[in-house]
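A short write-up of the structure that comes next.
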Amino acid sequence: MSQPAEIDIISVSKKYGPTTAVDAISLKIPAGAYCCLLGPSGCGKSSTLRMIAGHESISQGDIRLGGKVVTDFPPAKRGTAMMFQSYALFPHMDLIDNVAFSLKMKGVEKGERRARALDMLKLMQMEPYASRRPAQLSGGQQQRVALARALITDPEALLLDEPLSALDPFLKIRMRAELKRLQKNLGITFVHVTHSQDEAMALADLIVVMNDGRIEQAAHPREVFERPATAFVARFMGDHNVVSGRVTGHRDGLVTFEVPGGPELAAVGRPMEAGRAVDVAIRTDRVRIGAPEQEGFGFTGIVSNIEYQGASVKISAAGAGIEDFTVIADDTAFFARPIVIGEAIPLSWAARDALVLGRLDS
Ligand code: ADP
């Protein structure tokens, strides 16, 4: 069994002609971590993954795997294995031959490679299907075969490009749990590309949020959720309102700021000069319907949309210079006093639940 490898990405860029897909990113992925590269379509996740795998050349910078510079190594020499979104299984081969394929390329003798392929299929609980062809399998089973095929090379890191996107929602959640278990059992480094916040939150020890070829934040999921580094991260993770304004001062450990056409509010943050533009994140689940209590802040919003979500109700409102503000209300509280679209409601939160956003180095 391979030792997990640390992956060190050092000021790496990827250019396709005039397009900069990845813009001088630096990132250390600890050995044995489950890392998710997360971000909207086109932000450079797959290019980054393909550069780690060696399927894409690196325009600038270096990648180290387990301490070795692999920048100019071909994929088979890196100690990585890649699982593609489409699984890329060979339709005319049975599962054993599919899984054994890379061993055949390496010249491993037939008896040994079939035995090892069967072991891998066993690991993925696919042994009973060994003589089937990929078309005779469900989506989840195909994925297990693709995993077996990637893992047979005994990689130090497994690279997964949107591995769950072809599955239906139920299977997605089941396979997600299987991936996590597999990673913990094997102990090797996983790098998993996804555009789903839920998926990244559920799987990762390290979430790397990317935007426009750059890294916005790389941290543990809890840190990303509780302390989003930038307005982009707060918006993309979806559980925060982002309110913009200009700093008016600082008191009692809070930055005070004014929303154009709206109220003066305050948020947790370091002192900043007056007049500076700030973005502030306010957790959607911490907003209350009601007037501010002592040490609290708020505004009156006109309800623009209501979505029932089961245990909670998502209310959208706007007003006082604040557009598109979301409140996640408890279902019991909501139905005790239902609200209608167009109604003006007081919204409030505690000052400690508002956080000034900005990269720590800015
Ligand atoms: P993501 O995985 O986040 O969707 P990609 O890494 O696939 O992002 O793409 C990042 C950017 O690079 C996009 O603007 C995309 O159009 C561009 N791009 C990706 N692959 C190629 C390619 N082979 N040739 C030209 N442009 C590409």
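The values are calculated or read from the model by the stated rules, or taken from the named source; none is laboratory data. Every value quoted in this text rests on a predicted model; they were computed, and no experiment measured them. Virtual Cβ from ideal backbone geometry, glycine too; neighbours counted across all protein chains shown. Surface accessibility is based on the protein's heavy atoms, side chains included, excluding ligands, DNA and RNA. Shrake-Rupley method; radii C 1.70, N 1.55, O 1.52, S 1.80 Å.
To the nearest 10 degrees, how steep is helix 169-186 against the longest Cα principal axis of the chain, on a 0 to 90 scale?
60
Across the stretch 12-64, what fraction of all alpha-carbon pairs, as a whole percent, falls in each successive 10 Å bin from zero upward?
So the P(r) values, bin by bin, are 23, 59, 17, 1.
Where both residues lie in the chain, what percent of DSSP beta bridges are antiparallel, nearest 5? Could you put the intermediate results ahead of the total?
Numbers: 62 of 81 bridges.
Within the chain, antiparallel bridges account for around 75 percent of the total.
Would you mind listing how long the chain runs along its three principal axes, going by Cα atoms, in whole Å with the largest first?
75, 46, 35
What FRET efficiency, computed as 1/(1 + (r/R0)^6) with R0 = 35 Å and r the Cβ-Cβ distance, is obtained for ARG270 and ASN305, rounded to the nearest 0.05?
So, using R0 = 35 Å, E works out to roughly 0.50.
Cα centroid distance between the stretch 276-294 and the stretch 64-131, in Å?
Going from one Cα centre to the other spans 51 Å.
How far is it, in nm, from the label point at ARG214 to the one at LYS77 when both lie 7 Å from their Cα along the line to the Cβ?
Here the modelled spin labels are 3.5 nm apart.
When only C-alpha pairs under 8 Å and at least 6 residues apart count, what is the relative contact order of the stretch 7-226, in percent? Spell out each step's value before the answer.
Values: 428 pairs, mean separation 65.0, N = 220.
Relative CO of the stretch 7-226 lands at 30 percent.
Using Cα-Cα distances under 8 Å and only pairs 6 or more residues apart, what relative contact order does the stretch 241-356 have, in percent?
On the way: 281 pairs, mean separation 35.9, N = 116.
Relative CO of the stretch 241-356 lands at 31 percent.
Go from 0 up to the bin containing the longest alpha carbon distance in the stretch 241-356, width 10 Å each, and give me the % of pairs per bin.
15, 47, 28, 10, 1
Rounded, prolate or oblate, given the Cα gyration tensor of the stretch 43-177, with a/c below 1.5 counting as rounded?
Cα axes put the stretch 43-177 in the oblate bin.
Taking all protein chains as present, what is the carbon and sulfur share of the accessible area of the chain, in % to the nearest whole number, probe 1.4 Å?
50
So for the stretch 185-296, what percent of the C-alpha to C-alpha distances run longer than 25 Å?
That tail contains 34 percent of the Cα-Cα pairs.
Over the stretch 241-356, give the accessible area per residue in Å² for a 1.4 Å probe, as an integer.
That works out to 51 Å² for each residue.
Take the residue pairs LYS28/LYS68; LYS106/LYS180; LYS45/LYS106; LYS15/LYS45 and return only those whose Cα atoms are more than 18 Å apart.
Beyond 18 Å: LYS106/LYS180; LYS45/LYS106.
With every protein chain kept in place and ligands, DNA and RNA left out, what is the accessible area per residue of the stretch 7-226? Probe 1.4 Å, answer in Å².
44
Under 10 Å, Cα contacts only: if you run a Gaussian network model on the chain, which one of GLU307, GLU162, GLU178 comes out with the highest mean-square fluctuation?
GLU307
Normalised by the residues of the stretch 56-171, what does the relative contact order come to in percent, with Cα pairs under 8 Å and at least six apart?
It rounds to 36 percent for the stretch 56-171.
Taking the Cβ-Cβ separation of ALA350 and ALA115 as r and a Förster radius of 41 Å, what is the calculated FRET efficiency to the nearest 0.05? Walk me through the intermediate numbers first.
Numbers: r = 62 Å, r/R0 = 1.51.
E(calc), rounded to 0.05, equals 0.10.
Based on the alpha-carbon gyration tensor of the stretch 58-101 and its eigenvalue square roots a ≥ b ≥ c, which shape applies: rounded if a/c is under 1.5, prolate if not and a/b is larger than b/c, or oblate? Intermediate results must be reported in sequence, preceding the final value.
Details: a/c = 3.68, a/b = 2.46, b/c = 1.50.
Prolate shape, in that a/c is at least 1.5 and a/b is the bigger ratio.
Please compute the modelled spin-label separation between ARG246 and ALA320, points set 7 Å along Cα→Cβ, answer in nm with one decimal.
2.0
For the stretch 224-265, go through all pairs of different Cα atoms, get the mean of 1/r, take its inverse, and jot down that Kirkwood value in Å.
Result for the stretch 224-265, one decimal place: 11.5 Å.
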